[in-house]
Amino acid sequence: MRENATNTVDPITVEVIHHHLLSAAREMNRNLVRTSYNTIVYEVHDFGLGIYDRKARMLAEAPGLASFTRGNDYGLQKLIEFLGLDNIDPGDVILLNYPYWSSAHTLDVMATSPIFHGDRLMGFTAVKLHWLDLGQKDAGYVLDSTSIFQEGVIFPCSKIYRRGVLNEELEDLIRFNSRMPERVLGDMNAQISSCRTGERRVVELIDRFGPDTFDGAVEEILDHGERIARTRLAALPNGTWSAEDYLDDDGIDKDVLVKIRATVTITDEEMVVDFSGSAGATRGPINLPIGMTMGIAALAFKGVTTPDTPANEGNFRPLRVEAPPGSVMHALPPSPTFTLWTGIQAVEVITKALAAGLPEVVPACSGGDIFSVMGVGVHPSSGKIWLEASNEGVGFGANAGGDGENAIMHLTEPGCRNNPIEVLETKAPLHIENYALRQDSGGPGEHRGGVGVTRTYRFLAPADALTLVKKTKTKPWGMAGGSQGANGYVVLRPGTDRETVTGMVYEAMAPDDVLVNHAGGGGGWGDPFRRDPESVLADVVNGYVSLASAREDYGVAVDADTLTLDLAATEALREGG
Amino acid sequence: MGVMRVSVDVGGTFTDVIVMDEVGGLRLEKVETTPHEPERGVLEGFDKAEVALPDIGFFIHGTTLGINALLTSGGARVAIITTLGFRDVYELGRTDREPMYDFKYRKPPSLVPRHRVFEVEERMTFQGDVHTPFDRLQAEDVAASLRALGVTSVAVCFLHSYANPEHELAMERILGAVCPEVSVTLSHRLLREYREYERTSTAVIDAYIKPLTRSYLDKLDGQLGGAGFAGQFLLTRSGGGAMTLESAKEHPVHLVLSGPAGGVIGAAHLSDLLGTPNLITIDMGGTSLDVSLIEGGRARVEHNQSFRTLPISIPSLDIHTIGAGGGSIAWIDDGGHLQVGPQSAGAVPGPACYGKGGTEATFTDAALAVGYLDPDNFLGGEIGLDSAAAETAIATLAASLRLSPEETASGILRIGEAKIAGAVREISIERGYHPKDFALLAFGGAGALVAAGVARELGIPRVIVPPGPANFSAFGMLMVDVVHDFSQTHVTELSTVDIAAMNAIYASLVARGRDALTADGFAEDRWQFLPSAQLRYQGQEHAVTLPLAGHELTRSGIDTILEDFSAAHERQYGHSMKDPVEIVTLRLRAVGLLSRPHIPELAAADRSSDGARSGQRAVYLPAAVAGTNYAVFDRARLPRDHRLKGPAIIEEPSSTTVLHAGDAVRVGTYGELVIDIGSTEEETP
């Protein structure tokens, strides 16, 4: 067969093949979501997947979460390095969850299957999915590990299928090392089925167009992705800007803030994101594998250059990421990496740096976290283990064009959904006491930050509560003269003598214990005294803003009884301000 | 009562009228839709079709009133009443969003601002027990404040009301006493299923369109009655089938997604008539394309549909819409590649070749430029197409792509077809099917134009184009039965299920079905009950809906259900498990059977084929040599059982069917075109 790297394929055929690849990735996504076995996959969309060429360049992806954008690229490269292309055979499915390679924590297991056309390797599919349990030190989630060896079983590129035959020894190993073997193996099957779907579709495509045309189209699809990214990059101003923010703690040293620092440089040729100046490796499990650091930088880059086009490797050619090895942004073995919250906040540190140079493009800080609450215990009526979780929406940061949205999922996880009250109460011994927007949590500004949300859980039976929250000690920043949003926080057992205000905890709850989760509001944009008084009034009428805040923060007087504007008093307030 | 059957399908631009006489003779008419006075358009349709109202036995109406109100924010001033502590369930929704990289995402404006959401102290448990008693005094205060706010319609959705609706009913009584002029929607009457946001959203949409739907239907009913109409007045429903006037006024949310339902109902009927149980339908119009699956002769029903981002969790025909229509605009992206849609030139200005001011090249312009369409014979010659305008629009794109205009035009069609094929494939795969096991039924103005190409792309062996494809949706509406859907969420493990409790739930669903069908005026011999259950593996979120043999379960019947579930799961998801299976929701569809109209067969050889060939056109396609000649035929003159081979173009006034080299078509019993894709069958005399 002819190898011809300079194949030129007509632009229509390229676009047709591109559509087929995107469609194949969406099929993999649909297959996975509907086959998956745990609620976290279905409701929280905790997965990333894509189709790659033989050089591990991503051609099309359909991740469940934005934070999984490019999430398998580095892992697949390391897998090829480790195994060698000669040791990858048709019909193989390979598992990888060694965090420093797979670029996620141990429970996010990547499965990959090679795509062969005849005996010619054409590419790979890769699906990373959150597994419920791999024998890590604590059920549910690990918040305080101090080394990788407390974080569960590792698959260092292990073949669960060899040439199409199930490796029963590995399957047994998983079964005997998981607290929830049925669900874990069910999810693994879903994942493998998704890989196979992608594999079949790409092979059909190659059958139809021929391997040389396919290869030629792949080059042009990636070059096209690069051209769009470069066009958009060229429209951004050049400069270098830095910003910092802090995680609450590393899970072990509870009183030490952990710094993330990003310096972003934009030239006509590239954008460089440099995390030098961030904290060194931490004792607790918030160290970020370098592949994930690259992934979150890719997400920020995509957001400011090509948010409107499907992602591929070409998009990211003008992006370079630096993070000193051994720092919190570049974990080295055996550093613990379980709690990946560093990535969630790092995305916004990048946008914070960009805010200085691109104030019209990026928004102020959002509520800043995903404010996840998880419960795990034995259900008193069935005697079986239950595990339920819900993430919460945060207020979005306001921007030059308008207000931030109220209470929607963090920008790293747009496809994620909250867990309905009626579903939670049916499945778990929980009673939800309220679910409400937080008045005055949005940062005041000419454009207001979005407001956050509160949910109150009463535990009806003994269970462990986990709160996955790392931004409660610093406030969401405003921009261009806008004010800060209210930070999120968690309250345990309010109104009792054991009341605690906290962030991330792993806590045993007794019957009737209450946990209140407050998700943060977004920062404001622009001087709040320039906000249209009618907009302030509408916010008061709808309860997003209190009368007191309208007066103090916005200089707008609203009559408490009639809920109408007092224009004269407003003018006086604003002149005085 | 008369014997004529009439369907009137009100669309955005045109209202289609189909009159069918007792022997199945059809008359098709189009009148302009009158958005501000829609009942006038309906009556004008009757006039134009020259049908006397006393002669009509059966009138079925498809209305876009509900969806138009949603599209134009023209619905009622709605308030929500909910459980204390849960005011924000509606505004919060599921807190997700579609665009993945949009850091400035805003939700579409809400139908109910937060200040019109009220709380009442009350609470049920998921098992239907009272946790907190209903606070009457508070409820009365809320009812009184609705008046002050000028609310005209209210949606009541209390937590766990699907398990016990007593508090919603108590609220209704109070509203009836305090503000009887306000229209009321109770969430549990629409669905007895868990997920509070989805139930609230469904109730809000119902409340939003209820006052105007009632007023429109009352007006139309009065005017029809005044003109002597004494037949049955039915409306098409989102979930398939029809509903009576009274049901439509009570639960108008069932009208919202009914727009494309007629075609799917017609497809299910045609599937039966032609003995082709598995069909994928594509209904391609000016702005969008609707895809659905008919499996085993039945249209698929889905329970989690939405309007834009707003959930409508009632059973709805499983129809997937993509932005690919005749008006889809071709454009060049920042990386220099050709893209098609989803933006559409719509009806105004429309494709460049319509000559109404459109300058951007669309799918239709490309179809004209490659020679698929005849500029002098579009819509039966009513509209002359401007080839020069299409060519100018395409030349602009061609210049930046450095391709010839012909390559560009055929490229627009290829990319459009690839997108359609992708959507069809994803939908089939998601539901556990492979397209090659289906025939493709193409209708709508543009469906038959792309069907052969899409089928080839997907390995679908056969395409069927029904008679009158552009009017097929209105035709399908004549095939309906009256349908009611009932459901009850009851999460319980199947192997240890309390069969008596389960049967009691089915008995209550059947009782509700009987009441509804009796109220509709159906005698017992016209009743049909179709029970089904939504099942899943414990711990899984997504459920499989399984039809059940009957609504009285037995212990051995449970084993059958388990086996059937396992098989259905295997088919849909590729594997089955040994895990415990649980019931999520029990469902019952109650059907009032109407008599079927007679569909006349095309008389054999009653038309000579000699005159059918009307010429030939050069068509530019990349797969063929440039300028391949396609023989052109007049569909109206093709006799039954006539066969011909591609490449060919078959024209009729409102649609054009294209078949390529290797394809072969046969004219079927009822005049349908049956195209075998890639077949090399010889033309038979």
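Any read-out appearing in this document is the output of simple, stated calculations on the displayed coordinates, not a laboratory observation. Because the structure is a prediction, the values reported are computed rather than measured. Note that each Cβ is placed from the backbone with ideal geometry, even for glycine, and that neighbours are counted across all protein chains shown.
Before moving on, here are some points about what is shown:
- The fraction of all Cα pairs in segment B:417-470 landing in successive 5 Å bins from 0 to the largest distance is 4, 23, 30, 25, 13, 4, 0, given as whole percents.
- In the frame of its principal axes, the protein assembly as shown has Cα extents of 92, 82, 74 Å, reported largest first.
- In the distance distribution for segment A:266-357, Cα-Cα pairs more than 20 Å apart total 35 percent.
- Per-q log10 I(q)/I(0), segment A:160-301, q = 0.10, 0.16, 0.17 Å⁻¹ (Debye; single scatterer per alpha-carbon; no solvent): -0.72, -1.03, -1.03
- Counting only Cα atoms, segment B:480-588 measures 46, 31, 23 Å along its principal axes, largest extent leading.
- Taken over the C-alpha atoms, segment A:331-414 has Rg and Dmax values of 17.6, 57 angstrom.
- Rounded to the nearest 20, the size of the Cβ-charge dipole of segment A:330-446 about its Cα centre is 440 debye, with Lys and Arg at +1 and Asp and Glu at -1.
- Nearest-0.05 FRET efficiency for A:D172 and A:E499, computed from C-beta distance (R0 41 Å): 0.30
- Look at the dipole of chain B built from charges on Cβ: of B:G57, B:A519, B:T309, the Cα furthest out on the positive end belongs to B:T309.
- Directionally averaged projected area (segment A:58-111, Cα convex hull): 4.1 nm².
- Nearest-0.05 FRET efficiency for B:A148 and B:H434, computed from C-beta distance (R0 60 Å): 0.55
- Value of Rg to Rh for segment A:503-571, rounded to two decimals, is 1.23; Kirkwood radius and Rg both from alpha-carbon coordinates.
- Charges were assigned to the Cβ only: +1 to each Lys and Arg, -1 to each Asp and Glu. The resulting dipole of segment B:265-423 about its Cα centre is roughly 380 debye.
- Against chain B, whose longest principal axis comes from its Cα atoms, helix B:196-226 is set at around 70 degrees.
- Ordering B:F158, B:Y208, B:Q223 by the projection of their Cα atoms onto the charge dipole of segment B:156-235, which places +1 on the Cβ of Lys and Arg and -1 on the Cβ of Asp and Glu, puts B:Q223 at the extreme positive end.
- Over segment B:221-281: Kirkwood hydrodynamic radius from C-alpha pairwise inverse distances, Å: 13.3
- Lys/Arg +1, Asp/Glu -1 at C-beta; the protein assembly as shown dipole; positive extreme among B:S400, B:V264, A:F214: A:F214
- Between A:T472 and A:D248, the built amide H atoms are under 5 Å apart, and every one of these is 5 or more places off in sequence or on another chain.
- In order along segment A:157-166, the Karplus-derived 3J(HN,Hα) couplings, from 6.51 cos²θ - 1.76 cosθ + 1.60 at θ = phi - 60°, round to 6, 9, 7, 7, 10, 10, 6, x, 9, 4 Hz, and Gly and Pro are given as x.
- Calculated over segment B:453-498: convex hull of Cα atoms, volume per residue (Å³): 224
- Each label point was placed 7 Å from the Cα along the Cα-to-Cβ direction; for B:E246 and A:V541 their separation is 4.0 nm.
- Axis angle, to the nearest 10 degrees, between helix B:387-401 and the longest C-alpha principal axis of chain B: 80 degrees.
- Each Lys and Arg Cβ is given +1 and each Asp and Glu Cβ -1; about its Cα centre, segment B:49-150 then shows a dipole of about 480 debye.
- Calculated SAXS-style log₁₀ I(q)/I(0) at q = 0.15, 0.18 Å⁻¹ - segment B:507-555, Debye, Cα scatterers: -0.55, -0.70
- Applied to segment B:40-52, the Karplus parametrisation 6.51 cos²θ - 1.76 cosθ + 1.60 on θ = phi - 60° returns per-residue 3J(HN,Hα) values of 5, x, 5, 5, 5, x, 4, 4, 5, 7, 6, 10, 7 Hz, with x for Gly and Pro.
- Segment B:345-485 - Debye-derived log10 I(q)/I(0), Cα point model, q = 0.11 Å⁻¹: -0.51
- Put simply, the amide H of B:G93, placed in the peptide plane, has no neighbours under 5 Å, leaving out anything fewer than 5 places away on its chain.
- Rounded to 10°, Cα long-axis angle of helix B:136-148 versus longest principal axis of chain B: 50
- When Rg and the Kirkwood radius Rh are both evaluated on Cα atoms of segment B:89-219, their ratio Rg/Rh stands at 1.00.
- The eigenvalues of the Cα gyration tensor, multiplied by 5 and square-rooted, give chain B an equivalent ellipsoid with semi-axes of 44, 28, 27 Å from largest to smallest.
- Loop trypsin sites (Lys or Arg not before Pro), segment A:445-529 (other Cβ atoms within 10 Å of the site Cβ: 10 or fewer; DSSP): A:R498
- Once backbone amide H atoms are built at 1.01 Å from N, B:D634 has B:R613, B:S614, B:E651 as its partners under 5 Å, excluding neighbours fewer than 5 places away on the same chain.
- Computed from backbone phi, the HN-Hα couplings of segment B:585-598 come to 9, 9, 10, 9, 9, 9, 10, x, 7, 9, 6, 7, x, 7 Hz, rounded to whole numbers (Karplus: 6.51 cos²θ - 1.76 cosθ + 1.60, θ = phi - 60°; Gly and Pro given as x).
- For segment A:105-150, the calculated P(r), taken from all Cα-Cα distances in 10 Å bins from zero up to the bin holding the longest distance, is 23, 35, 20, 16, 6 percent.
- Pairs of Cα atoms farther than 45 Å apart, chain A, %: 18
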